[in-house]
Amino acid sequence: MQIINSPAEMQAISRAWAKGKSIGFVPTMGFLHEGHLSLVRESKHNCDITVVSIFVNPSQFGANEDLVSYPRDMKRDLELLEGCKADYVFCPEASDMYPKPYHSWVNVDGLSEVLCGASRPGHFRGVATVVLKLVNLVKPDYMYMGEKDFQQVAVLNTMLKELNVLTRIASCPIVREPDGLAMSSRNTYLTGEARQQALCLSKAIFNAKLMYKEGCRNVNSIITECQSIISSHGGETDYIKIVNPNTLLEELIPKDDSRIILAVKIGKTRLIDNASITPDTL
Ligand code: PAF
């Protein structure tokens with residue numbers, strides 16, 4: 001496994017990769033968990049070369065968010081990636097990714113402004129910008145991303161398509177803890193009672209799927225039930241919506257391909273989760 005810090009070196013290496021070799025890329029902010037590792041394994045399975053980036057991207061954090069406290073453990077991350085036989089790990093410095101003064105940003109209108117984008121203005125501008133930069137450095141054929149960040153995948157799919165970037169996103173299923181909690185680096189913030197309270201996200205989703213399975217097609221009834229599960233666990237709902245999976249617009253009547261998607265605060269920790277409303281397993 002080769003570790004690369006300099007963007008110029010990353011670009012020189014990716015330019016030298018022989019044509020005909022498939023390149024898989026897993027962008028991460030580190031503090032890796034089984035969800036990330038499942039993406040690395042998927043890339044290893046499908047591509048000739050697998051590159052993982054570890055970069056806590058400052059531009060996707062708002063002024064009052066957790067950029068400084070975001071969990072980091074580079075030594076452990078590198079050990080885990082070595083164990084998965086990743087070929088390259090790209091870990092640039094913020095000063096190399098955003099040399100000062102910095103001017104160039106990517107906006108994906110519409111999709112970036114709803115759901116998480118409404119609560120975190122500028123978040124998806126930061127995500128789209130850093131991902132386009134990373135894609136330009138790594139030049140992957142496929143980018144492996146988790147469905148937990150459903151809106152992120154939608155925003156980035158649109159960006160790649162509309163900016164004529166040939167990289168395609170392979171979105172992979174959410175990996176959950178045995179009790180249903182979707183894996184996230186931010187779960188490390190959940191101590192004691194908060195860890196139990198956090199189960200309200202998957203419980204609300206599971207209940208929504210059950211209601212749909214039993215024939216309920218009333219969006220308000222489904223959402224009201226979700227809200228009551230969340231508040232009875234001490235969670236604070238940011239949003240709960242049933243949306244079209246492509247446009248992220250709210251559905252008036254849920255359909256088999258609709259997505260139930262939510263963001264909830266457990267104390268100071270903001271968590272997200274989503275699933276298809278169809279009654280398959282979580
Ligand atoms: O999903 C993440 O970890 C980040 O948003 C990403 C895609 C690595 C961009 O910083």
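The values are calculated or read from the model by the stated rules, or taken from the named source; none is laboratory data. What you see is a predicted model; the values in this text were computed from it and never measured. Virtual Cβ from ideal backbone geometry, glycine too; neighbours counted across all protein chains shown.
When you scan the stretch 115-142, how many residues do you find that are more than 11 Å from the ligand (Cβ to nearest atom), over 15 Å from the mean Cα position of the chain (by Cα) and within 12 Å of TRP105 (Cβ to Cβ)?
Residues meeting the conditions: 1.
Being on the phi < 0 side of the Ramachandran plot and in a loop (DSSP other than H, G, I, E, B) is the filter; apply it to the stretch 119-161 and report the residue that is surrounded by the fewest Cβ atoms within 10 Å (Cβ to Cβ).
From the stretch 119-161, those on the phi < 0 side of the Ramachandran plot are 119-121, 123-138, 140-161; that's our starting set.
So of that shortlist, the ones also in a loop (DSSP other than H, G, I, E, B) come out as 120-121, 140-141.
On the way: ARG120: 19, PRO121: 11, PRO140: 26, ASP141: 17.
Here the residue is PRO121.
Of all residues being within 20 Å of the chain's Cα centre (by Cα) and surrounded by 17 or more Cβ atoms within 10 Å (Cβ to Cβ) in the stretch 98-114, which is farthest from ALA154 (Cα to Cα)? Just the residue, please.
First, the residues of the stretch 98-114 that are within 20 Å of the chain's Cα centre (by Cα): 105-114.
Right, trim to surrounded by 17 or more Cβ atoms within 10 Å (Cβ to Cβ) and you get 106, 108, 111-112, 114.
Numbers: VAL106: 15, VAL108: 10, LEU111: 7, SER112: 9, VAL114: 12 Å.
Ranking the qualifying residues of the stretch 98-114, first place goes to VAL106.
Of the conditions (1) surrounded by fewer than 22 Cβ atoms within 10 Å (Cβ to Cβ); (2) in a loop (DSSP other than H, G, I, E, B); (3) within 16 Å of the ligand (Cβ to nearest atom), LEU166 fails just one. Which one is it?
Exception for LEU166: condition (3).
Could you name every one of the strands (runs of 3 or more DSSP E) located completely within the stretch 2-82 that has at least 1 residues being touching a residue at least 40 places away in the same chain (Cβ under 8 Å) and away from the ligand (no atom under 16 Å from the Cβ)? Give the steps one after another, and end with the answer.
Details: elements: 2-4, 23-28, 49-54.
Those strands (runs of 3 or more DSSP E) span 2-4, 23-28.
Quick check on the stretch 188-202. Is at least one of its residues more than 29 Å from ASP73 (Cβ to Cβ) and hydrophobic (A, V, I, L, M, F, W, C)?
Residues of the stretch 188-202 more than 29 Å from ASP73 (Cβ to Cβ): none.
The answer is no, given that none of the residues of the stretch 188-202 is more than 29 Å from ASP73 (Cβ to Cβ) and hydrophobic (A, V, I, L, M, F, W, C).
What is the one condition in (1) over 19 Å from TYR239 (Cα atoms); (2) more than 16 Å from the ligand (Cβ to nearest atom) that ALA204 does not satisfy?
Against the list (1) over 19 Å from TYR239 (Cα atoms); (2) more than 16 Å from the ligand (Cβ to nearest atom), ALA204 comes up short only on (1).
Has the stretch 86-98 got any residue that is at pLDDT 95 or above, part of a helix (DSSP H, G or I) and away from the ligand (no atom under 16 Å from the Cβ)?
Our first condition is that a residue be at pLDDT 95 or above; within the stretch 86-98, this holds for 86-98.
Now restrict to residues that are part of a helix (DSSP H, G or I): 94-97.
From the residues that got through so far, the ones that are away from the ligand (no atom under 16 Å from the Cβ) too are 95.
Within the stretch 86-98 (the criterion being at pLDDT 95 or above, part of a helix (DSSP H, G or I) and away from the ligand (no atom under 16 Å from the Cβ)), the answer is yes, since at least one residue qualifies.
I'd like the full set of residues that are within 13 Å of the ligand (Cβ to nearest atom) and of a type in the set (Lys, Arg), limited to the stretch 169-201.
ARG186
For the stretch 70-123, give me each residue that is touching a Lys or Arg at 6+ places or on another chain (Cβ under 8 Å), farther than 28 Å from ASP273 by Cβ and hydroxyl-bearing (Ser, Thr, Tyr).
Result: no residue meets the conditions.
In this structure, does SER231 turn out to be among the small types (Gly, Ala, Ser), surrounded by 18 or more Cβ atoms within 10 Å (Cβ to Cβ) and not in a strand (DSSP E or B)? Can you show your working first?
Working: among the small types (Gly, Ala, Ser): yes; surrounded by 18 or more Cβ atoms within 10 Å (Cβ to Cβ): no; not in a strand (DSSP E or B): yes.
Spelling it out, it is not the case that SER231 is among the small types (Gly, Ala, Ser), surrounded by 18 or more Cβ atoms within 10 Å (Cβ to Cβ) and not in a strand (DSSP E or B).
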